[in-house]
Amino acid sequence: MKKFVLGLTLGIALTATTVVYASDTIQAVRQVFINGQLLNTNVQVSDDGTTMTSTRTLAEALGAKVSWNGQSNTVEIENQYPYFVSSLLHGKYSFKYEIIADNIINNPDTTVVFSEGYKDIPDNTDFQKLFLLLLIEQIGDLKNKKIEFWSNKEHALAYVSGNYKEDGIEGSGWLEGWGWLGMNSRFGLLIRDGEKVSLSHILSTHERDVISFGKYKE
């Protein structure tokens with residue numbers, strides 16, 4: 001029986017910088033992006049050009065835990081990397097899954113897997129990749145050459161039926177130049193080509209990361 005050794009290098013770095021707020025600040029059109037995603041928070045720029053924004057919003061976007069210590073009048077930021085890894089490995093997050101279909105319309109030799117637990121993982125972090133790897137290990141061997149992983153069951157069912165282009169789904173639809181937005185619910189793709197296996201973490205319809213892992217025989 002063949003098994004896969006799943007490996008992933010995870011790393012999250014958080015740097016905290018103390019900023020002395022100038023008495024006079026000006027509102028400027030400046031945006032903050034975290035891993036390519038716009039941070040939805042108020043941003044101000046001081047006279048000397050210093051960018052000031054919410055410490056909590058910034059830290060939490062990086063996967064850190066933020067708390068206020070009133071006694072010492074300090075903001076405490078804790079890197080949650082060990083916490084999330086431990087939680088994933090020890091079952092805090094659900095790895096329940098459902099095989100939606102095999103050999104779907106227009107995509108023969110394809111298995112579609114639904115797993116809602118992916119939604120609980122912090123966005124744009126390596127924890128999502130770790131979740132995908134652990135989910136694959138949980139599922140075990142599937143015969144089809146291509147396995148797709150979805151976080152929204154309604155979208156997965158529409159995709160399997162092949163009717164999403166004509167009918168769409170309430171709350172989703174088409175965006176010019178991007179196609180059906182329901183495709184954003186697909187978060188993983190595993191492809192087998194003989195002895196070669198490739199795995200991708202899908203971030204959006206047009207963006208994905210390749211995950212490397214090894215294989216051994218028992």
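Any read-out appearing in this document is the output of simple, stated calculations on the displayed coordinates, not a laboratory observation. From a predicted model like this one, the values you see are computed outputs, not experimental measurements. Backbone-built Cβ (ideal geometry, glycine too); neighbour counts: all protein chains shown.
Summary of values
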quantity	calculated
Label-point separation, Arg192 to Asn124 (7 Å along Cα→Cβ), nm	3.6
Order of Ser115, Ser72 under a 10 Å beta carbon neighbour criterion, fewest first	Ser72, Ser115
Net length gained if the chain between Leu142 and Asn103 were fully extended (0.36 nm per residue, minus Cα distance)	12.8 nm
Which of Arg30, Arg208, Arg186 has the fewest Cβ neighbours within 10 Å, and the rest in rising order	Arg30, Arg208, Arg186
